[in-house]
Amino acid sequence: MTDSTETMPTFLLNLRYDSGEEPFIVSCSIVGQIQGFRGLVRRFKNVDTVLEEIGHAGITSKRYEGLVSNINPGAMISFTIDLNEAQKLSLIQTDTSE
């Protein structure tokens, strides 16, 4: 019998503007069943590079429209992505051991 309390994981792309040489921090949060996954963090020098990487992962601007342009220092924005997109962005590590 399976445990009905286990939920499929939801992946969130988080973008935060901080300070420093690479102030744009992009990470992946996992909500729900997290076993087998670990979110990773990447830093970028500017928002254009972040948007370029997001585009290469197949994420259209309609998914984050109005969010990225309004990012303020110390604030964080998030939106849902799928596992494939998280992997393309190098924001998720999967446990391949069985």
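The values are calculated or read from the model by the stated rules, or taken from the named source; none is laboratory data. What you are looking at is a predicted structure, and each value in this text was computed from that prediction instead of being measured. Cβ placement follows ideal geometry from the backbone for every residue including glycine, while neighbour counts extend to all protein chains displayed. SASA here: full protein model, heavy atoms, side chains in, ligands and nucleic acids out. Shrake-Rupley method; radii C 1.70, N 1.55, O 1.52, S 1.80 Å.
Among the strands (runs of 3 or more DSSP E) lying completely within the range 18-64, list those that include at least 2 residues that are hydrophobic (A, V, I, L, M, F, W, C).
24-31, 41-44
Listed here are the residues, each with its yes/no results for (1) open to solvent by 30 Å² or more (accessible area, probe 1.4 Å); (2) modelled with pLDDT of 90 or more; (3) on the phi < 0 side of the Ramachandran plot.
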position	(1), (2), (3)
GLU22	yes, yes, yes
CYS28	no, yes, yes
VAL47	yes, no, yes
ILE59	no, yes, yes
ASN70	yes, no, yes
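Only one of (1) of a type in the set (Ser, Thr, Tyr); (2) out of contact with any Leu (no Cβ under 9 Å at 6 or more places or on another chain); (3) free of Cβ contacts under 8 Å to residues at least 40 places away in the same chain is not met by THR10, so which one is it?
Result: THR10 fails condition (3) only.
If GLY66 passes every condition in (1) more than 19 Å from GLU85 (Cα to Cα); (2) in contact with a strand residue (DSSP E or B) (Cβ under 8 Å, 6 or more places away or on another chain) but one, which one does it miss?
For GLY66, the exception is condition (2).
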